[in-house]
């Protein structure tokens, strides 16, 4: 399965390019958290989940050695009602008629290091204005309409996670068929090792930023609410994943999959997410 470094990289790439996702998502902080969310209640990534929920439920997938989430089912059950609940104005995205609308940014290791350095070494920053926090005016008031708008972006992040898992796992299954490999425990170990190695090659910097608006949005997720304690633990895990996501000094070759496989499927996920969102939300 793709690990969180891969899911974060998908979210960053989608928001960095001028595709349908970047044009639609206003609350990028909520979108980033959503892109990790299906794994949170399963209980393996985030410690201390009091009431774990089975993968087949959080990912809309039948039990299988390599399950394939049903992203369309999640879209119909959650994204469609969330979009329909908004007014036409509220559904407008970050870029409308060539104009940029204010977005709510996630945090990043670079941004956090800069903020802390300004406190410890103020003389280094004399005369340099502190960068404005993107989206801070929108964080100031948490009206029901704000939560509804952020909830759509959050659910789009969840949907991208499910779409990514579906495509990655489908392509792995096709690889097995081509190579005549029977799924086994040894296959699983090699596959996951390859995914971990690939994830380390990705340059990522973004982490969710705990705000009252993000906490209220996560708690409002209708499939399963995420309480603030779990949210804080999740942000801690994501922060550590991003901080330690550096390639080893000596890159070992993949044991099962290939560079071409990873490059192709990674790009496919990003392209497919933009194409499907444009098609379904118009």
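The values are calculated or read from the model by the stated rules, or taken from the named source; none is laboratory data. Since the structure is predicted, the reported quantities are computational estimates derived from the model, not experimental observations. Glycine also receives a Cβ, built like all others from the backbone with ideal geometry; neighbour counts cover every protein chain displayed.
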Taking the range 178-194 and keeping only residues that are touching a residue at least 60 places away in the same chain (Cβ under 8 Å) and in a helix (DSSP H, G or I), one is left with 187, 188, 190, 191, 192, 193, 194
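Just give me the residues in the range 204-223 being over 15 Å from residue 33 (Cβ atoms) and either in contact with a strand residue (DSSP E or B) (Cβ under 9 Å, 6 or more places away or on another chain) or free of Cβ contacts under 8 Å to residues at least 24 places away in the same chain (or both), in sequence order.
205
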(message) On the basis of being under 19 Å from residue 224 (Cβ atoms), within 18 Å of the chain's Cα centre (by Cα) and either part of a loop (DSSP other than H, G, I, E, B) or free of Cβ contacts under 8 Å to residues at least 12 places away in the same chain (or both), does residue 74 make the cut?
(response) no
Only one of 171, 124 is out of contact with any strand residue (DSSP E or B) (no Cβ under 9 Å at 6 or more places or on another chain), at pLDDT 80 or above and either surrounded by 14 or more Cβ atoms within 10 Å (Cβ to Cβ) or not in a loop (DSSP other than H, G, I, E, B) (or both), namely 171
Residue 41 vs (1) closer than 21 Å to residue 237 by Cβ; (2) crowded, with 22+ Cβ neighbours inside 10 Å; (3) under 14 Å from the mean Cα position of the chain (by Cα): all pass except (3)
For the range 206-218 the number of residues that are under 17 Å from the mean Cα position of the chain (by Cα) and either surrounded by fewer than 16 Cβ atoms within 10 Å (Cβ to Cβ) or in a helix (DSSP H, G or I) (or both) is 4
When restricted to 162, 138, the only residue part of a helix (DSSP H, G or I) and at pLDDT 80 or above is 162
Over the range 224-243, the set of residues part of a helix (DSSP H, G or I), without any contact (Cβ under 8 Å) to a residue 24 or more places away in the chain and in contact with a helix residue (DSSP H, G or I) (Cβ under 8 Å, 6 or more places away or on another chain) is 228
Modelled with pLDDT of 95 or more, over 16 Å from the mean Cα position of the chain (by Cα) and within 28 Å of residue 81 (Cβ to Cβ) - does that describe any residue in the range 269-277? yes
Of those in the range 243-259 that are under 23 Å from the mean Cα position of the chain (by Cα) and surrounded by fewer than 17 Cβ atoms within 10 Å (Cβ to Cβ), the residue farthest from residue 181 (Cα to Cα) is 243
